[in-house]
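J.: Take this structure, written in structure tokens, and hold onto it; I'll ask about it next.
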Amino acid sequence: MSPLWRDELHITLGPDRAAIVRFGRGIRPAVTSRREIACAAPALDEAPWAKAIESLEAGLHGIADGKCDVRVVLSNHFVRYALVPWSEQISDREEEQAFVRHCFAQTYGENAQRWAVRMSPCGYGETQVASAIDQALLEGLERVFRPHDARLVSVQPLFMALFNQWRRQLPPSVAWFVVAEPGRLCVSRLQHGAWRMLRAVKTGEDWQETLTRLLEREYLISESGAERGEVYLCGPDASGEADLPGWMVHPLRAAPDTGRVPEIILQRA
């Protein structure tokens, strides 16, 4: 076995729960341990991720010991999204970061200047998806792994983790890709493989009703003409029939036992 190979720790972090899966080294890494951690609700004056970081730190003992690479998927509760138009004027990474921050500031205000931002690459000339998290959240993740000799190599938003898993299954025409978590909906529309809309909204127990209204509104103001498209849903009811009147729904389930795709975040407590 190559000494360059390291164990991997795959973590999904949500506002009320975290899941940790450890994989051993090897060509076909196998799960060696897993753990689920309950997270307390944050106080009114705390960041929404504050208690999740505290719970994760306490839950790492015994499962994160020894050299390993860490990959974290963050709940959409902790992430903001924006669609960034293509610009021919951007020539380097510094200009790209400034342009992405400008796009976030237009939507979210000046607080965006203090966020850690990242753009997911798309094809030449296409609108791209950008994500942002609090810089303090990123620093908190780096801090909790440091005492365990664990190396944080990836922090990925839930929406993009699931989209990357399923993107090849989406049709080339109009598709609505939806990620439903308890209390949060991320709804996107793609047309001919290009991003046309991305919204993140809070929701309650009536999330299917909220989703239906959002789909209808976005369809009416879209430029897709008579083509409604179909809904591809990752969510708590993905194993059964979602009640979205007037829409064809394709439930998508995460691949089992990979530790890479955070089914736990999508489940209702």
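The values are calculated or read from the model by the stated rules, or taken from the named source; none is laboratory data. Here the structure is a predicted model, which is why all the values come from computation and not from measurement. Cβ coordinates were reconstructed from backbone atoms using ideal geometry, including for glycine residues, and neighbour counts include every protein chain displayed.
J.: One residue is enough: does segment 31-42 have a residue meeting the conditions among the aliphatic types (A, V, I, L, M), in a strand (DSSP E or B), without any contact (Cβ under 8 Å) to a residue 24 or more places away in the chain and in contact with a strand residue (DSSP E or B) (Cβ under 7 Å, 6 or more places away or on another chain)?
T.: Scanning segment 31-42, I find at least one residue that is among the aliphatic types (A, V, I, L, M), in a strand (DSSP E or B), without any contact (Cβ under 8 Å) to a residue 24 or more places away in the chain and in contact with a strand residue (DSSP E or B) (Cβ under 7 Å, 6 or more places away or on another chain), so the answer is yes.
J.: Being modelled with pLDDT under 85, over 30 Å from Glu36 (Cβ atoms) and either over 21 Å from the mean Cα position of the chain (by Cα) or aliphatic (A, V, I, L, M) (or both) is the requirement here; does Ala194 meet it?
T.: So Ala194 does not fit the description; no.
J.: Right, Ala175: surrounded by 20 or more Cβ atoms within 10 Å (Cβ to Cβ) and either among the small types (Gly, Ala, Ser) or out of contact with any helix residue (DSSP H, G or I) (no Cβ under 9 Å at 6 or more places or on another chain) (or both) or not?
T.: Answer is yes for this residue.
J.: Answer yes or no as to whether Glu57 is among the charged types (D, E, K, R) and under 23 Å from the mean Cα position of the chain (by Cα).
T.: yes
J.: Give just the number: which of (1) part of a loop (DSSP other than H, G, I, E, B); (2) within 25 Å of Asp16 (Cβ to Cβ) does Pro171 not satisfy?
T.: (2)
J.: Additional query: Report every pair of residues separated by at least 6 positions or lying on different chains whose Cβ atoms are under 8 Å apart, first residue within segment 136-160 and in contact (Cβ under 8 Å) with a residue 40 or more places away in the chain and under 10 Å from Ile53 (Cβ atoms), second aromatic (Phe, Trp, Tyr) and part of a helix (DSSP H, G or I).
T.: Listed pairs, sorted by first residue: Leu137/Phe78.
J.: Can Val187 be described as within 14 Å of the chain's Cα centre (by Cα), of a type in the set (A, V, I, L, M) and in a strand (DSSP E or B)?
T.: So Val187 fits the description; yes.
J.: Give me the pairs: first residue in segment 11-22 and farther than 14 Å from Arg184 by Cβ, second residue among the polar types (S, T, N, Q) and buried (at least 23 other Cβ atoms within 10 Å of the Cβ), beta-carbon distance under 7 Å, and six or more apart or on different chains, which are they?
T.: Ala18/Thr12; Ala19/Thr12
J.: Another question, then. Pairs please, first residue from segment 45-64 and farther than 18 Å from Gln135 by Cα, second anywhere and assigned to a helix (DSSP H, G or I) and aliphatic (A, V, I, L, M), Cβ atoms under 8 Å, 6+ apart in sequence or on different chains.
T.: Leu60/Val144
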